[in-house]
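Where a number appears in this text, it was derived from the coordinates with a stated rule and is not lab data. Here the structure is a predicted model, which is why all the values come from computation and not from measurement.
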Amino acid sequence: MSSLIIDKVAKQFAGRTVLNDISLTLAPGEFLSLLGPSGCGKTTLLRIIAGFERADQGSVRLGDLDIGQLPANRRNIGMVFQAYSLFPNMTATENVRFGLRVRKVNVTEQQRRAAEMLELVGLAEHAGKYPHQLSGGQQQRVALARALAIQPALLLLDEPLSALDAQVRVQLREEIRRIQRETGITTVFVTHDQEEALSISDRVAVMYQGDLVQVGAPAEIYQDPAHDFVARFIGVSSVLAGQVVDSENGTILVNRMRLPASNARGIGRDENVQVYLRPEHVQLSVLNGTPQPEHTLVGTVQERVFLGATTRLTVQLDNGERLLADIPTGQIAELDIGCRVHAGWDLDAARVLVDRAS
C-alpha cells in the first residue's frame, strides 16, 4: 500500500485554468472519490496522476517516489476507463495477462495471477470467453482484473460505471469496494454521480471550476457542506435567503422572521446568507387557526411526489420561496395540495452560508 501526495498541482489549456493549485493526500489503502460536474477538472487531475498529462506546476508523489516526471508505463499504476478498452480478439484470461506479458512476467506466473484476479472479480467461469460474449458489467470486471493483475501501487478508476445500466452500476460499485478492501490498494475513483461517491468512499473530494472546494468523509460532505456549490450539488436542498441579525447568538432573519441557527455564529452582522435545508429535516403541520408555532414559516402545499416510504411536498412560502419536505407517506393524509401549513426544522438542521453573489 502506498500513499499519494498531490501538492499544488495546476494545469492550463489554451490559457484557461483547468486545475488551480490542487493539494490532496491519500493515506495508504484509502478509497477517495473525486466528485464534480463535467468540466470541473477531475479527469484532468486523474490523467496527471496517471502520467497521461503533465502538470504545469506542482508535484505528485506515490509513496516515497516523485512520479511527476515519469512516463505512464513506469508509475506502477493500474487504471480502469469508462470504455472497457478490452482487446476484442483476446479471451478474458488473455486480456488480464496482457500487462503481465508486457512486463515480461513468466508464463506460469501470468496464468496464476490471471486466474486469481478473475476469481476475485467473480469471473472464473468466464475465463475463456471473448469480450463480445460478456455483458457490459462483466467486461468492466475483466478490465478491473487486468488493472489489478500487475499489482499496482495505486488504482485509478475514471467513470468506470457510467456506461452501465442502473442495477448493474449498483452491483458493480459494491464489488469494486469489496475488492478494494480485500486488496488494500490505494484508490482514486472519478465520478459525477454523488450517490456512487457517497456510498463507497472513505473520503470524497468535491471539485468545482478547477478548485478543490471540500474534502471529507461522505457524512460530513452531506451534512456539513462548507461551500455553497457543495450544498447545492450534494443531495437535494431548499435554499432560503436570509440575513444575520445577531452573529453572537446565531440569529438570522428569514421571511421577516427571526430564526435561530447555530452555525450562523461567527458570520458578520447584516451579512446576507443562504439557508440550506434538506427535505428530510423539514416538518409540516396543518395551519388550522391555532397560534403559529415558534420558529416556523407559513406556506401552501403546491405539489406532492410519491417516493415510496416518503412523499416529497413542495411548499410555496408566503414570501414566494419554495421549500421541500420529505414526509413519511403514512403521515400525509391531511397535507393535500392547497393545504396551508406551518413549516419548521430543528435548529441545527439548517446550514447557513454567506451569499457570495450578494
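Here the Debye sum runs over all C-alpha atoms of the range 59-218 as equal scatterers in vacuum, and log10 of I(q)/I(0) at q = 0.08, 0.10, 0.20 Å⁻¹ comes out as -0.24, -0.38, -1.38.
Shown here is the pair-distance distribution of the range 242-325: with all Cα-Cα distances grouped in 5 Å bins from zero up to the longest one, the shares run 3, 14, 20, 22, 17, 13, 7, 3, 0 percent. Applying D = kT/(6 pi eta Rh) to the chain, where Rh is the Kirkwood radius over alpha-carbon pairs, T corresponds to 4 °C and eta to 1.567 mPa s, the Stokes-Einstein value obtained is 56 µm²/s. Put simply, the C-alpha atoms of the range 170-259 give a gyration tensor, and the ellipsoid matching it has half-axes of 35, 12, 12 Å, longest first. Would you mind calculating the relative contact order of the range 175-231 from Cα pairs under 8 angstrom and at least 6 residues apart, reporting the percent as a whole number? Relative contact order of the range 175-231: 21 percent.
Using a cutoff of 8 angstrom between alpha carbon atoms and counting only pairs six or more residues apart, the relative contact order for the range 4-231 works out to 28 percent.
In summary, the lysines within cross-link reach of residue 11, defined as a Cα separation below 28 angstrom excluding same-chain residues under 8 places away, comprise 42.
Couplings 3J(HN,Hα) of the range 328-344, computed from phi: x, 4, x, 10, 10, 3, 8, 9, 8, 4, x, 6, 8, 9, 8, 10, x Hz, in residue order, whole Hz [Karplus 6.51 cos²θ - 1.76 cosθ + 1.60, θ = phi - 60°; x for Gly and Pro].
Just the Kirkwood number for the range 282-352, please: inverse of mean 1/r across all distinct Cα pairs, in Å, one decimal.
Working: mean 1/r = 0.0810 Å⁻¹.
Taking every pair of different Cα atoms in the range 282-352, averaging 1/r and inverting gives 12.4 Å.
Near residue 80, the amide H atoms lying under 5 Å from its own belong to 156, 157, 158; only residues 5 or more places off or on other chains count, and H is placed 1.01 Å from N. Annotation: aspartates and glutamates with alpha-carbon distance below 14 angstrom to residue 129 (same-chain offsets under eight excluded): 94.
Of all beta bridges DSSP finds with both residues in the chain, what is the antiparallel percent, to the nearest 5?
75 percent
Mean sequence separation of contacting Cα pairs (under 8 Å, at least six apart), scaled by the length of the range 230-277, corresponds to a relative contact order of 42 percent.
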